[in-house]
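Have a look at the structure below, then the notes.
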Amino acid sequence: MAGYSRDIERQNQALQNILDGGKPEKRIFITKEDLEYKKRQKRKTEEERERINRKFEATKEARMPWFCPKCDKVMKKRLDDKMWFLHDHCFDCQLKKEHKMRVDGTYDEWKEKKIVADKLAWIRDQKIMIKEFKEQDTPEFYQQFRPDGHSVDREKWNIDKTTLIEQADEALEFLEKMEDSLK
Ligand SMILES: [Zn+2]
């Protein structure tokens with residue numbers, strides 16, 4: 001089964017990329033019957049992003065103080081609210097903090113933790129994708145590897161659903177192990 005081994009190879013490559021701290025290749029799952037799937041997914045993602053933004057706006061209104069709790073400066077820069085939301089102080093304070101960490105040699109450790117957090121977030125996304133993939137009726141792969149960054153090529157799959165489910169479960173199990181090892 002050529003498709004099977006090729007997929008394993010890509011999966012290993014993707015996981016290796018993550019372990020190296022890089023970005024995995026893009027992979028899009030869609031069903032044969034539903035070519036509108038990608039569009040719907042995009043709309044769903046946009047809606048979700050909007051929802052988060054709305055929530056963020058609401059939270060910010062309710063919770064962000066006028067002055068930075070650390071340096072007492074007025075928080076008015078565009079990036080101040082994002083920084084406040086993430087780090088509980090203003091953008092300048094975050095720059096100072098990162099500079100100080102570079103000077104006293106703790107930056108790398110902090111950065112490493114941040115990379116781990118990003119990896120965990122990526123694993124969470126992958127798990128959601130695989131779970132959605134499992135729920136589809138006739139899965140089909142569209143692989144995005146052309147240099148234009150958006151064209152997709154259809155891959156032929158001669159594997160029955162059971163094998164795919166098994167493979168998805170294996171991937172899920174692997175992701176869970178990876179998740180545990182990072183925690
Ligand atoms: Zn500040």
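The values are calculated or read from the model by the stated rules, or taken from the named source; none is laboratory data. Since the model is a prediction, treat every value here as computed from it, not as a measurement. Neighbour counts run over all protein chains shown; Cβ positions are idealised from the backbone, glycine included.
Data overview
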item: Residue in the range 66-76 that is closer than 26 Å to M178 by Cβ, among the charged types (D, E, K, R) and surrounded by 13 or more Cβ atoms within 10 Å (Cβ to Cβ) present; result: no
item: Residue satisfying all of: in the range 77-115; assigned to a loop (DSSP other than H, G, I, E, B) and within 13 Å of the ligand (Cβ to nearest atom); farthest from E179 (Cα to Cα) among these; result: K77
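Here is a yes/no grid of residues against (1) over 30 Å from S181 (Cβ atoms); (2) among the small types (G, A, S); (3) modelled with pLDDT under 70; (4) exposed (fewer than 11 other Cβ atoms within 10 Å of the Cβ):
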site	(1), (2), (3), (4)
A121	no, yes, no, yes
Q126	no, no, no, no
M129	no, no, no, no
E132	no, no, no, no
Y142	yes, no, yes, no
F145	no, no, yes, no
R154	yes, no, yes, no
I159	no, no, yes, no
